[in-house]
Amino acid sequence: MQIKWVQGWMPGLSHLMGYQKEWLKCDMRAGLSVAAVALPVAIAYAELAGVNAIVGLYSCVLPMIAYALFGSSRQVIVGPDTATCAVIAAVVTPLAAGNEVLHWQLCIMMTLMTGFWCLIASRFRLGALADLLSRPILTGLLNGLTITIIVSQLGKIFGFHSSASQLIERLIALPFDILNSEWPTLLLSAGTLLILIGVKKLRPGWPGPLLAMLVAMLLVWGFDLSQHGIETIGSFSAGLPVVELPSFQPGLLRDLVLPSFNLALISFVSLMLTARSFGARNGYDVDADTEFRALGVANIVSGLSLGFAISGTSSRTAVNDANGGKSQLVSIIAALVIGVVLLFFTSPLQYIPVSSLGIILVYASWSLLDIKTIVQLRKRNPSAYGLALFTFISVLLVGVMPGIGLAVLLGLMQFFRTVFRPTEQLLGTNEEGMIHSLGNGNQVRAVEGVLMYRFNSPLTYFNAAYFKRRILNLVDGMPFQAHWVVIDAVPCFTYADISVLAMIEELKRDLRLRNVKLVLAGRKTELKRWFGENRKSGEEKGLTFVSDLYLALKLIQSSERAKEDEPEQDAEEIKTEGIAAGA
């Protein structure tokens, strides 16, 4: 019983309980590599979120251990990432109004609320909520976020301070701001970039961000570059975090409810994309609702340890996979290494130049910039292209959270349009008697006297009238007199909507006035039960249920053949009677 509980609630721990000792060498190597990448990136993302650099480390240690125990993925590494930090900054910065303590408090509260939403979603098995952020929306969002981040870091990279706070205003002021650049800062930024590019080309297995940060720290310390205008992150105390939570104003929580829900959705989508891709690569499945719970626990742990919201990180997960990580122990090892740095080796971190962090952040975000994918959608799927482009432009023009809200709204409108006015097909048969759609150049012909129709959407109260109108219009517009209407019931009858059942009764009566019989093909047992439970007595006539389209055609052929035989039988009877009378 206890083992079952562990497997259900803590699949990571369950997997570790069956740990094999031959995995240890690979996990140790992968854990150290992940820590080497996570250290500088976490500090850079803390700068992006607008909190002290040390908070980025708080957001790594305990959350990584929590996910290792509660998550179902063996490769995923959680931590600060581009999307979550950009959303946090977009929401919290206006509310904090320059108050650093309040800014940190708001980050913590938003993280706790994000974790709460994730746990609620897991409890009610709402893993499908992630589909609200479809791939086109996510593509547009990540491209918009990347450009927003790059523009926001230009001031740190070039060494100027811009008074503009929004993207468009920053772009307008950029040519004038660049004139105020500080050459020492710009040179250090260029050097950091060269190290990152050089390591990737010459030694792709080495932790480029860590090496670049170490070189930049040594230059600042050795040549006292802070005296020449190089801004550093400054000193901070080692050990456990302390923040003045009792001074927090609870009324501000109202402003975080919807943004924290959106952040939970974004974090979950990012996590699932990473978990599914690496799970498929390594031959195992991940459960969406379990991952929702694991993400919620990790975010609550991050908030309680005074960090900010985290998600699955594709770059650090890729490092884990590339180094042969076999289990969740990789996350635990990486977390312990970062924890040791946090407790005992924070003093050298004060020499990290802000410009180098800006370059590392831009470098890490650059891989998310994929305008090519949006352009390719234009020919492959115009609807998806429009949604991705709209999301991209919305994030740039109105900001991250309003842009996401508008994109989700547009996506829902596209969905409703598809359900309200779905595609449809008229069906016929080819020479072999196989049923196919008409008009595809496949030698398919309509069955004489029969209208076979497929409605590619579930029937519900808001498209039932349209469905009925389409059937009647098609019957009236057929080039031949239709005596039968056969509806493919499989795609459109998915549940017993009372409005739909009533509409079918109305359609049956209208077709009867046109001397047309109605046949529903597919879901025979369910349809008979649904109509039987909701039909009034005396309404059975004129509606036929069959198991599939082929049986519907056989029924029609048999019925038509029987009609043709009736006049012959009548003629034979008349002839017989005449002979008898003559005799």
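Worth pointing out:
- Relative contact order for the chain, counting Cα pairs under 8 Å that sit 6 or more residues apart, in percent: 21 percent
- Principal-axis tilt of helix 382-398 within the chain, Cα atoms, nearest 10 degrees: 30 degrees
- Ranked packing of 204-217, 33-46, most packed first, by mean Cβ within 10 Å: 33-46, 204-217
- Relative contact order [Cα under 8 Å, 6+ residues apart], the stretch 424-572, whole percent: 19 percent
- Share antiparallel - DSSP beta bridges, the chain, percent rounded to 5: 45 percent
- Cβ charges +1 (Lys, Arg) and -1 (Asp, Glu), total dipole of the chain, debye: 640 debye
- Residues Phe455, Phe416 arranged by fewest to most Cβ contacts within 10 Å: Phe416, Phe455
- Most positive-pole-ward Cα, Val337, Asn456, Ser162, against dipole of the chain from beta carbon charges: Val337
- Cα-Cα over 28 Å, subset of Lys25/Lys156; Lys528/Lys563; Lys468/Lys554; Lys201/Lys372; Lys468/Lys528: Lys25/Lys156
- Taking trypsin sites (Lys or Arg not before Pro) as exposed when their DSSP state is a loop state and no more than 14 other Cβ atoms lie within 10 Å, the longest site-free interval of the chain runs over 126-513.
- In degrees, nearest ten, helix 464-477 long axis to first principal axis of the chain (Cα): 50 degrees
- ³J(HN,Hα) computed for each position of the stretch 504-517 - Karplus, 6.51 cos²θ - 1.76 cosθ + 1.60, integer Hz, glycine/proline x: 5, 4, 5, 4, 4, 5, 5, 5, 4, 5, 9, 6, 10, 9
- Long-range amide H partners of Phe493 with built H, under 5 Å: Leu459
- Our note on the geometry: Cα centres of the stretch 269-301 and the stretch 448-526, 43 Å apart.
- DSSP bridge analysis restricted to the stretch 424-572 gives an antiparallel fraction near 40%, rounded to the nearest 5.
- Helix 167-178 vs. the chain, principal-axis angle (Cα, 0 to 90°, nearest 10): 30 degrees
- A crude spin-label estimate for the pair Leu179 and Ser277, with each label 7 Å from Cα along the Cβ direction, gives 4.3 nm.
- Which of Val301, Val257 has the fewest Cβ neighbours within 10 Å, and the rest in rising order: Val257, Val301
- About the centre of its Cα atoms, the stretch 424-572 shows a dipole size close to 680 debye [charges on the beta carbon of Lys, Arg (+1) and Asp, Glu (-1) only; nearest 20 debye].
- Each helix, a run of at least 4 DSSP H residues, gives -39500 (n - 2.57); summed and divided by the residues of the chain, these come to -21500 deg cm²/dmol at 222 nm.
Each value in this text was obtained by applying a stated rule to the coordinates, not by laboratory testing. Every value quoted in this text rests on a predicted model; they were computed, and no experiment measured them. Cβ coordinates were reconstructed from backbone atoms using ideal geometry, including for glycine residues, and neighbour counts include every protein chain displayed.
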